[in-house]
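Contents: one structure, followed by commentary.
The values are calculated or read from the model by the stated rules, or taken from the named source; none is laboratory data. Keep in mind that this is a model prediction, so the values were computed, not measured. Glycine also receives a Cβ, built like all others from the backbone with ideal geometry; neighbour counts cover every protein chain displayed. Protein only, heavy atoms only, side chains kept; ligands, DNA and RNA dropped before computing areas. Shrake-Rupley method; radii C 1.70, N 1.55, O 1.52, S 1.80 Å.
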Amino acid sequence: MATEEIRVRGTVQGVGFRPTVYRLAKACGLCGDVCNDGQGVLIRMSGSEEAITEFVARLQIECPPLARINQLIRTSYERELKFDNFVISPSINNAIKTEITPDAATCPQCQQEIFDPFSRFYRYPFTNCTHCGPRLSIIRAIPYDRCNTSMSAFAMCSECAKEYHDVENRRFHAQPVACHACGPTAWLERADGKSVTASMFSMLDDVDAVCTLLQKGEIVAIKGLSGIHLACDATQETVVQKLRQRKRRYHKPFALMARDIEVIEEYCTVNAKEKELLTSSAAPIVLLQATGKKVVASSVAPGQNTLGFMLPYTPLHHLILRRMNRPIILTSGNLTDEPQCIDNDEAKEKLGTIADYFLFHNREIINRVDDSVVRVMGDKAQTIRRARGYVPAPISLPPGFDNVPQILAMGSELKNTFCLLREGEAIISQHLGDLENAAAFNTYQETLNLYLNLFEHKPEVIAIDKHPEYLSGKLGKELADTNQIKIHQIQHHHAHIAACMVENGIPVDSPPILGIALDGLGYGDDGTLWGGEFLLADYRKFKRLATFKAVPLIGGEQAIYQPWRNTYAQLIAANLWDDCQQQYADLEIVKFLKNKPIKLLNELIEKRINSPPASSVGRLFDAVAAAIGVYRDECSYEGQAAIAMEAIVDVSSLNNDKETLIYPFSFSFSDSIYCIDPRPMWQALLDDLQQQISQPVIAAKFHQGLANAIVEMVKHLCQENLISQVALTGGVFQNCILLEQVSKRLKTLGIQVITHSLVPVNDGGLSLGQAVIAAAQLIHKS
């Protein structure tokens, strides 16, 4: 007879893990108990060694769908174990080292029940079980027990209690279990305050009435799993335009939801990998290629050839869309750039002039979590926004990071996330938006406090970006000063590269790789703005080997939203403006620029008044887009012109190595650094405009030329520095064409290419890089 204690760490709470342990222990004839605690799940059992070994093997094979075992440790239990059967014991509160499960999309069994008239869960919008439903969005503390969630307000009825305690039931110890008799309820309200009943629409209930309202062209605010969304019929141009005007979101694409894959396939192509993502428990928004067979309203995604679709991920959404044969818009319930509303009263106040109706419920949302966004590039998923369905599942760190102290990384200014680093894993927060918005910054602070408390995280080091004006950095310094914690300032592009290295499993003591970080901008070590960098980097340090020619950012932030400023700056930097006025005076872009205050612009450049030089490839894209007439005058969000230009690329011109289809760039070397100069590209582009070459062909030639210039520089740097591994990172590499062209060409040269998948290539992944750089520097010092 053997007696053992088995410690299981990982995603093992709130996913049906204890019931699985109970079932398997019974099947193996073992006695003992299982309980949740701060470290995960603790099992104590006695029986034959063969039976315990069989139990452990089966536990790893028959692990519940949402569970993940990171570590299973067996030790001999020396004390007496007084059990004559196997039981589930109450949770133990101790030091927190366990994981919290992300919210999970409705499982097939629950879907079946909500549409089954003979089920007690028929048409119940909050149906869930251990395989699906709310987790992070409702949790206040761990262990993950009902009393620590917003479901504590709802006492289980006898039927739910019976299923909760029935080991053979799918809802055995499912903490959010509820039904019509005892759980949360949903109801419909008019925004104007007048009374409304489902009978007005001859519908089954208030949830079903929402479908009719959407079909009639109304805008409905819907309180869902982790936030409130604004919904309308995506095929009605009038209502989509109305939503844009009311929400003040004039151009950014809207997310779409459709009842099933079949509806999505009427509008987009869906490959096997994309289908897998759509139907996964994370249920993210997946960017898909529009087919044109059927079209949504033109205002849904202006200037783009992709649509962002997701499937219903709660019973509420499934019930709303039951009769809907076309897509709906489901966009965050907020004014542009503000955090998504999560509270009923807050929604009435902020969304009352946007929505015509509200569908509310009375289950409190504790944690605001946006929808995740992914796309498939080649056969690999690329995360663009990591949030619902993925957060806060930890990312395992590569070898060498096991015993570092707890670290807090504060992230970037835009697309912010923060990161908690502990015991060989990184917990990255959900996407928190742009901190320059006061409401977003408040949410950032609230979410940070919640995570620190939830995980009992007490950082010994805080990592921040080097930019002196980032609000995340200023807050990090305040926290460090208040708590007498060490601060590590991390260079922006080094953090991008380190994040890419982490998710590709590169050990802490590995030799340097070549990282290519292309983005809008980041604060450089020399005090200038970088954005087109080739860095020889390991986790601890880096050396800048090459960059793109720095060009004035005329008007500072204004250059992000007025692409023509970048075109003019590029032409001035290339000494081509005089030629433009003489040889190319008839071009639209030249006429356009001559109508701008040229004298003032020149003065700003010469005196460097709010016009800092920046090696930004993101702004180079904007400059080219404006030159060919794509969002020349104004953009409403960063990268809009570049995204629109990517969408019009003549794909038949790609993969053609003829020099006439590739714009040239030149290379120079000074002050111990190589530089890529786009001057020859501009000369050729102006000639093409004069020859009236089409926008799609020019866009293709620019993409080809830029990819070729990057590859030529990499080839030289790899030979010079004996490197065979390259990381591609930074927001510019969200451009599918550029990423595919660069990757393909480098692989042809025998160079290993690593890219992002688990964390965003944009600034959403920056906090992970900050955290591991700080950790590696600490390891090196010790």
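Quick look at the numbers
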{"quantity": "Neighbourhood net charge (14 Å Cβ-Cβ; Lys/Arg +1, Asp/Glu -1) for V210", "calculated": "0"}
{"quantity": "Surface/4 estimate of mean projected area, convex hull on alpha-carbon atoms of the stretch 77-135, nm²", "calculated": "7.3 nm²"}
{"quantity": "Amide H contacts under 5 Å for A290, placed H, 5+ residues apart", "calculated": "T306, L307"}
{"quantity": "For the stretch 212-316: relative contact order, % (alpha-carbon pairs under 8 angstrom, 6 or more apart)", "calculated": "29 percent"}
{"quantity": "Solvent exposure of the chain as accessible area per residue, Å², 1.4 Å probe", "calculated": "38 Å²"}
{"quantity": "Helix 237-247 vs. the chain, principal-axis angle (Cα, 0 to 90°, nearest 10)", "calculated": "90 degrees"}
{"quantity": "Derived scalar couplings ³J(HN,Hα) [the stretch 354-363; Karplus, 6.51 cos²θ - 1.76 cosθ + 1.60; whole Hz; x for Gly, Pro]", "calculated": "9, 8, 8, 9, 10, 10, 9, 9, 10, 9"}
{"quantity": "Share antiparallel - DSSP beta bridges, the chain, percent rounded to 5", "calculated": "70 percent"}
{"quantity": "Solvent-accessible area of L689 with every protein chain in place, 1.4 Å probe, in Å² to the nearest 10", "calculated": "30 Å²"}
{"quantity": "Dipole magnitude of the chain, debye to nearest 20 (Cβ charges: Lys/Arg +1, Asp/Glu -1, about Cα centre)", "calculated": "440 debye"}
{"quantity": "C-alpha long axis of helix 492-503 to longest principal axis of the chain, angle in °", "calculated": "40 degrees"}
{"quantity": "Rough spin-label spacing in nm, given labels placed 7 Å along Cα→Cβ, for D677 and H165", "calculated": "8.2 nm"}
{"quantity": "From phi via Karplus (6.51, -1.76, 1.60), per-residue ³J(HN,Hα) for the stretch 603-613 in Hz, x at Gly/Pro", "calculated": "5, 4, 5, 5, 8, 6, 8, 6, 9, x, x"}
{"quantity": "Charge tally in the Cβ shell below 13 Å around V630, where Lys, Arg are +1 and Asp, Glu are -1, V630 excluded", "calculated": "-4"}
{"quantity": "21 Å Cα cut-off, lysine pairs counted over the stretch 124-258 (separation 8 or more, or different chains)", "calculated": "7"}
{"quantity": "Long-range Cα-Cα pairs in the stretch 227-294 (distance over 17 Å), rounded percent", "calculated": "50 percent"}
{"quantity": "Radius ratio Rg over Rh of the stretch 29-86, counting only Cα atoms, Kirkwood formula for Rh", "calculated": "0.95"}
{"quantity": "Surface accessible to a 1.4 Å probe, E50 within the full protein complex, Å²", "calculated": "130 Å²"}
{"quantity": "Cα-based helix-to-principal-axis angle, 206-215 vs the chain, degrees rounded to 10", "calculated": "20 degrees"}
{"quantity": "Calculated mean projected area of the Cα convex hull in nm² (choose from (1) 35.7; (2) 95.6; (3) 63.8), label", "calculated": "(1)"}
{"quantity": "Rotationally averaged projected area of the stretch 302-415 (alpha carbon convex hull; nm²)", "calculated": "11.8 nm²"}
{"quantity": "Share of alpha-carbon pairs per 10 Å distance bin for the stretch 646-782, given as whole %", "calculated": "10, 32, 35, 16, 5, 1, 0"}
{"quantity": "Under 5 Å, built H, 5+ apart or other chain: amide partners of A221", "calculated": "A231, D356, Y357, F358, L359"}
{"quantity": "Listed residues E557, E413 arranged by accessible area, highest first, probe 1.4 Å", "calculated": "E557, E413"}
{"quantity": "Cα pair distances in the stretch 151-264, grouped into 5 Å bins until the bin that holds the longest one, percent each", "calculated": "2, 9, 14, 16, 15, 14, 12, 9, 5, 3, 1"}
{"quantity": "Hull shadow area, averaged, the stretch 28-126 [alpha-carbon convex hull, nm²]", "calculated": "9.1 nm²"}
{"quantity": "Whole-number percent relative contact order across the chain, with pairs defined as alpha carbons under 8 Å at least 6 apart", "calculated": "11 percent"}
{"quantity": "Cα-based equivalent ellipsoid of the stretch 443-537: semi-axis lengths in Å, sorted from largest, via gyration tensor", "calculated": "26, 18, 12"}
{"quantity": "Net charge contributed by nearby residues that have their C-beta within less than 14 Å of L604 (K/R +1, D/E -1)", "calculated": "+2"}
{"quantity": "M310 - accessible surface, heavy atoms, 1.4 Å probe, Å² rounded to 10", "calculated": "0 Å²"}
{"quantity": "Calculated [θ] (222 nm, deg cm²/dmol) that DSSP helices of n ≥ 4 give over the chain, each run adding -39,500 (n - 2.57)", "calculated": "-9500 deg cm²/dmol"}
{"quantity": "Given charges at beta-carbon only (K, R positive; D, E negative), |dipole| of the stretch 242-289 in Debye", "calculated": "720 debye"}
{"quantity": "Longest exposed-site-free window of the chain, the sites being trypsin sites (Lys or Arg not before Pro) in a DSSP loop that have at most 10 other C-beta atoms within 10 Å", "calculated": "294-606"}
{"quantity": "Protein-only accessible surface order, largest first, of T279, T331 at 1.4 Å", "calculated": "T279, T331"}
